[in-house]
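Engineer: Pasting a structure here, questions to come.
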Amino acid sequence: MEKYFKELYLKDDPISGESDYYIDNNLTIPYNGTVIDKDGDIIIWKFEVRNGKRTSLKYIYYSNGKIEQINECRGNVTFGVSKEFEEKGNLRSVSIVWNNDYLKISI
């Protein structure tokens, strides 16, 4: 299932500082599926949500449609590897992220 960001209801997650995603305005049914945000026809970002929390990979795009950044997420927290790309598509940096903190950046 895929939903636009504006179609979902949000509740602040006090642990991660991010938002939990719900399909009802009473915030009782957590969303499971893909969340996307667009500017017109251009995707700005997308990620998977399980039980209302960001999980798996988050993709952020340039306005030309190329990938700007890919982050690994677990339970609304960025963990693992983060890759940043130049607007032309070349890899710019690779970082290791733990609890939203960038521990190492390689360029």
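Read-outs: derived from the displayed coordinates by stated rules, not from any lab. Please read these numbers as outputs of a predicted model, since none were measured by experiment. Because the Cβ atoms are built from the backbone with ideal geometry, glycine has one as well, and the counts that use them run over all protein chains shown.
Engineer: Set the bar at 24 Å for Cα to Cα. Now go through K3/K104; K6/K83; K38/K58; K11/K83; K11/K38; K58/K104 and name every pair that lies beyond it.
Structural biologist: Checking Cα-Cα distances, K3/K104; K6/K83; K11/K83 exceed 24 Å.
Engineer: Sorted from largest to smallest, which semi-axis lengths in Å does the alpha carbon gyration tensor of the stretch 1-49 give for its equivalent ellipsoid, taking the root of 5 times each eigenvalue? All intermediate terms of the calculation are to be shown ahead of the outcome.
Structural biologist: On the way: eigenvalues 75, 31, 17 Å².
Gyration-tensor ellipsoid for the stretch 1-49: 19, 12, 9 Å.
Engineer: Where does each of 47-55, 75-83, 8-16 land if you order them by average Cβ count within 10 Å, highest first?
Structural biologist: In decreasing order of mean packing, 47-55, 75-83, 8-16 become 47-55, 75-83, 8-16.
Engineer: Sticking with this structure for a sec: Would you mind computing Rg(Cα) / (2.2 N^0.38 Å) for the chain, counting N as its residues?
Structural biologist: 1.11
Engineer: Also, I was wondering about something else. HN-Hα J couplings of the stretch 60-74 from phi, Karplus 6.51/-1.76/1.60, θ = phi - 60°, integer Hz, Gly and Pro as x?
Structural biologist: In residue order, the calculated couplings are 10, 10, 6, 5, 8, x, 7, 6, 8, 7, 10, 10, 8, 10, 9 Hz.
Engineer: Separate question: Please compute the length gained on full extension between S93 and L57, using 0.36 nm multiplied by the number of residues separating them and subtracting their Cα-Cα distance.
Structural biologist: The S93-L57 span can extend by a further 11.3 nm.
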